[in-house]
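Structure first, commentary second.
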Amino acid sequence: MTRRHTLTRKRRAAPSFLDPRGGRAGHSPDLGAMISPRLAPAAGSLVQRLRRELFGSPLGSALTVILLAVLGWAGWAFLEWGVLNAVWAPNAEQCQAARGVGACWGVVAEKHRLILFGRYPHDDHWRPLLASALLVGTLVISGLRRCWRPWLLGWWVAVLIVFFALMRGGFAGLEAVPTELWGGLPLTLMLATLGIALAYPLAIAVALGRRSQLPALKSLCIAYIELVRGVPLISVLFMASFMFPLLLPVGQSPDVLLRVLVGITLFAAAYLAEIVRGGLQGVPRGQVEAAQTLGLTWWQTQRHVVLPQALATVVPGIMNSFIAIFKDTSLVTIVSLYELTGALSLALNADANWRPFKIEGYLFIALIYFVGCLAMSRYSLWVEAQLQRGRAR
Amino acid sequence: MDTPIIRFEQVNKWYGRQFHVLRDIDLSVARGERIVVCGPSGSGKSTLIRCINALEPYQSGRLTVDGHLLGIEHEEDPRAIDQVRRQVGMVFQQFNLFPHLSVLDNLMLAPTLVAKVGKAEARERAMAQLARVRIAEQADKFPLQLSGGQQQRVAIARALCLQPQIMLFDEPTSALDPEMIKEVLDVMTELAGQGMTMLCVTHEMAFARAVADRVLFMDEGQIVEEGAPQAFFSEPRTERGRAFLSKVLGH
């Protein structure tokens, strides 16, 4: 029996919290009738939200005002120095005149080729430019899900061959350029890309080895990780560069790039291995037991059950390591390879006119590093979002 | 078939040197027999069935499963273990589905990798098992998108995809909401009705009464009582059996 509620009908009792439709107190209307879901009240306009978040409390308001003041002052100071009073032309005298007052972006205009390409022969700069563009382009398409097909592997092999051939030269009219002269951005990109690509599988192998039951393998992996983590990258590069040739027969000395690459790879793999091991420890034991009861071998279990879950949980840590490797390439200056940071020092130290404007130079390469690191960072977030797809309830 | 499919002969297991978790276990399970193992927690019930597919090693005695001898610790034969694991399926309390694979992929993984079955046939088998546990429409979902009862049924289907001869259930309904226990027990009852050899550790006494051929009551690592469910539930012969039943059947 339903009770119709109309405004004209005399109410027995006013509507209350317990009985919103009004009615005799104690007599519930429509027993068992379901309340259909409604939308929550609106959250409030943007202005209201901002006001609540920024000026909600006295302390909050004070902080907001202080922060705005600091940001405003710093922003204005930088704007003045970096844009309004800056010198854009590659003119040394103008820059000297504006010292302390305005930035000298002319140093970038004047020296950018030296910074970007190092000691590479001036007339052949199109070669490292093309090689870098190819590498960056391939990196970008490798990130797209659409391109995760078998041909990508072949494409990578081709790109790497073209990269090295183009940089090296010595055929088809291209002048041969020894690896000691390679420098700048292409060197940074190449070392970072290959370093990451080689360190990652090595790290997974070492992490699995560290957790294995075989005592010899386990000790070897532990020794490797502790030794490498115990010394700074500079020492590793030093050792790789000068000790590596001692291990080989007299007279044979591997290419300096190879030595440096081995150093970077071994260093990065040790840190990555511990991150991967953390992920492996986070996989519940029940997963391995389930795989065992299904009859999967150890390697099948690792590859199909454990590693996918382990690596998915440590994506932030892994990307963190990758970003660090990208910037650690700047240490190869110690073995006289002038990648981006080294090339900057080379460019400015040699020229007395431009030496005082190091800050502008560093800001320039900082921007390049920042763009690269930011791209990796955002990509990492995308990867994490992809992995969340199947997990959300 | 006269030879028992599972045979424990004076099997003993210790954790470390002190903790004697399985004591002189003698048990023969015939093909097609349905056994329910019950007892207080810590009595070794789970350990007992985990020995059957070599998830736990044992230190003395003799355990034979489907004609293969599972050796004592450090003397195991890996090939025997492999063979046994293909014949024995297991369902866990925590489901242990692979969360990064869809339901269908969960079911297809083992047949393609272990039994070397082709993808198409693996998919057919998977869909057939999903239909058997009445969950075929969830094939493309991920485990975490399903309810507990649905996940457990998928786990049962996954174990069945390898066409095992023996199914082990380790407290399959203990982690489920009461509403979902029935759907899982229904599947297990159906399975029992189809002649599967089953060993089930469970607290669901009604299920035991309805389905089991034999009930084992374990306490402190040994099989204290065994017998037909009717006999055990109405007239337990030992003091410990009576004490246990009074606690469990009381509510």
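Couple of notes before you dig in:
- Residues satisfying the stated conditions in region B:49-65, i.e. in contact with a Pro (Cβ under 9 Å, 6 or more places away or on another chain) and either under 27 Å from B:Gln230 (Cβ atoms) or within 14 Å of chain A (Cβ to nearest Cβ) (or both): B:Cys51
- The listed residue being modelled with pLDDT under 90 and within 14 Å of chain A (Cβ to nearest Cβ), out of B:Ala206, B:Ala155, B:Ala115, B:Ala175: B:Ala115
- When region B:73-89 is filtered for residues that are surrounded by 17 or more Cβ atoms within 10 Å (Cβ to Cβ), more than 9 Å from every other protein chain (Cβ to nearest Cβ) and either in contact (Cβ under 8 Å) with a residue 60 or more places away in the chain or in a loop (DSSP other than H, G, I, E, B) (or both), only B:Gln87 remains.
- Positions within region A:290-306 being surrounded by fewer than 19 Cβ atoms within 10 Å (Cβ to Cβ) and either in contact (Cβ under 8 Å) with a residue 40 or more places away in the chain or away from chain B (no Cβ under 14 Å) (or both), in sequence order: none
- Assessment of region A:256-278 against the conditions (within 14 Å of chain B (Cβ to nearest Cβ), in contact (Cβ under 8 Å) with a residue 12 or more places away in the chain and β-branched (Val, Ile, Thr)) yields no matching residue.
- Residue within region B:160-168 that is within 13 Å of chain A (Cβ to nearest Cβ) and surrounded by fewer than 19 Cβ atoms within 10 Å (Cβ to Cβ) present: yes
- When residues of region A:211-270 are limited to those that are in a helix (DSSP H, G or I) and among the basic types (Lys, Arg), the one surrounded by the most Cβ atoms within 10 Å (Cβ to Cβ): A:Arg259
- Residue within region A:351-359 that is surrounded by fewer than 16 Cβ atoms within 10 Å (Cβ to Cβ), within 14 Å of chain B (Cβ to nearest Cβ) and not hydrophobic (A, V, I, L, M, F, W, C) present: no
- Consider region A:331-389 and keep the residues that are under 25 Å from A:Val231 (Cβ atoms) and among the hydrophobic types (A, V, I, L, M, F, W, C). The one that is nearest to the chain's Cα centre (by Cα) is A:Cys373.
- Single residue of B:Phe98, B:Phe92 found to be without any contact (Cβ under 8 Å) to a residue 60 or more places away in the chain, in contact with a helix residue (DSSP H, G or I) (Cβ under 8 Å, 6 or more places away or on another chain) and within 14 Å of another protein chain (Cβ to nearest Cβ): B:Phe98
- Residues satisfying the stated conditions in region B:138-157, i.e. out of contact with any Phe, Trp or Tyr (no Cβ under 9 Å at 6 or more places or on another chain) and not polar (S, T, N, Q): B:Ala139, B:Asp140, B:Lys141, B:Phe142, B:Leu144, B:Leu146, B:Gly149, B:Arg153, B:Ala157
- Among the residues listed as B:Ser46, B:Ser41, the single one being surrounded by fewer than 17 Cβ atoms within 10 Å (Cβ to Cβ) and either at negative phi or away from chain A (no Cβ under 12 Å) (or both): B:Ser41
- Residue match in region B:121-136 (condition: within 11 Å of chain A (Cβ to nearest Cβ), farther than 27 Å from B:Met218 by Cβ and part of a loop (DSSP other than H, G, I, E, B)): no
- Region B:137-180: number of residues that are part of a helix (DSSP H, G or I) and closer than 18 Å to B:Arg34 by Cα: 3
- Taken over region A:271-301, the criterion of being under 26 Å from the mean Cα position of the chain (by Cα), within 29 Å of B:Met167 (Cβ to Cβ) and assigned to a helix (DSSP H, G or I) is satisfied by no residue.
- Selection count where residues are β-branched (Val, Ile, Thr) and farther than 16 Å from B:Phe92 by Cβ, scope region B:173-193: 1
The values are calculated or read from the model by the stated rules, or taken from the named source; none is laboratory data. Remember, predicted model here, so these are calculated numbers, not experimental data. Backbone-built Cβ (ideal geometry, glycine too); neighbour counts: all protein chains shown.
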